[in-house]
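Below: the structure, in structure tokens.
Derivation of every value follows stated rules applied to the coordinates shown; laboratory data play no part. Since this is a predicted model, take the numbers as computed values, not measurements. Here the Cβ is made from the backbone with ideal geometry for all residues, glycine too, and neighbour counts use every protein chain on show.
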Amino acid sequence: MSRNIVLCGFMGSGKTTIGKMLAQHLLYTFVDTDDVIEATTGMTVPQIFEIHGEEHYRDLEHNAVKELASRKKSHVIATGGGVMTLQRNVDVFRAHGDKIIFLDIPFEVCYKRIKDSDRPLVRNNTKEALHEIYHARRDLYLAACDQRITGLDSQAIVREIIQGIHSSYTPESERY
Ligand code: S3P
């Protein structure tokens, strides 16, 4: 069993798409923090934001992070865009030894992908406000990650991540 791969980045950076491809290549299990929360609560993310508010949603996210990190190995975990902006979540993954990868995709590309979606942050903010959030968060993703990936070609991104995993792998016999 190997350490989990945690994908972070802004909404629309491709965490789910890349995560599924990566999991298929590595024969890992793919999981998305938003899916975990929706399955646990029986509510959609927009419903949770609307009925219980963002703060409650962030607590649910933290619970999902703890649950995933505490029990699981060999998982590719796609995190919601807010997860790795909170140090308490970064700390959980770090303590578990998971590898954190930041998909650093330009704002305009992300925005094109998310602008017509029902994500609460997209519905409740102007493009300009989202751009500011993007910039503030980018610094946090950079601080949290072990590896930053750029580029837009999905196959190339997956290849780069896999190369990074192999190059950081130390055979058991050389560990001590
Ligand atoms: C959020 C991102 C969403 C989802 C929620 C909040 C955020 O996930 O968790 O709408 O704060 O950036 P994706 O990044 O998968 O869209």
Checklist outcome for this item: Within the stretch 19-43, the count of residues that are without any contact (Cβ under 8 Å) to a residue 12 or more places away in the chain, within 12 Å of the ligand (Cβ to nearest atom) and more than 12 Å from residue 68 (Cβ to Cβ) comes to 1
Checklist outcome for this item: Checked the stretch 1-18 for anything surrounded by 19 or more Cβ atoms within 10 Å (Cβ to Cβ), near the ligand (Cβ under 10 Å from one of its atoms) and not in a loop (DSSP other than H, G, I, E, B); matches are 7, 8, 15
Next on the checklist: If I filter the stretch 97-150 down to residues being of a type in the set (Val, Ile, Thr) and under 30 Å from residue 168 (Cβ atoms), which single residue comes out as surrounded by the fewest Cβ atoms within 10 Å (Cβ to Cβ)?
Outcome noted: 150
Next on the checklist: Could you check the stretch 123-134 and list, in sequence order, the residues that are free of Cβ contacts under 8 Å to residues at least 12 places away in the same chain and part of a helix (DSSP H, G or I)?
Outcome noted: 128, 129, 132
Checklist entry - Checking residue 78 against (1) touching an Asp or Glu at 6+ places or on another chain (Cβ under 6 Å); (2) surrounded by fewer than 19 Cβ atoms within 10 Å (Cβ to Cβ), which test does it fail? => result (2)
Checklist outcome for this item: Within the stretch 95-107, the count of residues that are under 12 Å from residue 10 (Cα atoms), part of a loop (DSSP other than H, G, I, E, B) and in contact (Cβ under 8 Å) with a residue 24 or more places away in the chain comes to 2
Next on the checklist: With the requirement that a residue be outside any loop (DSSP other than H, G, I, E, B), within 16 Å of the ligand (Cβ to nearest atom) and of a type outside the set (A, V, I, L, M, F, W, C), what does the stretch 81-94 give you?
Outcome noted: 85, 87, 88, 89
Checklist entry - Is it the case that the stretch 67-80 has a residue that's within 12 Å of the ligand (Cβ to nearest atom), more than 25 Å from residue 116 (Cβ to Cβ), among the β-branched types (Val, Ile, Thr) and not in a strand (DSSP E or B)? => result no
Checklist entry - Name the pairs: first residue in the stretch 108-122 and in contact (Cβ under 8 Å) with a residue 60 or more places away in the chain, second residue of a type in the set (D, E, K, R) and assigned to a helix (DSSP H, G or I), Cβ to Cβ under 8 Å, at least 6 apart or on different chains? => result 111/127; 120/50; 120/54
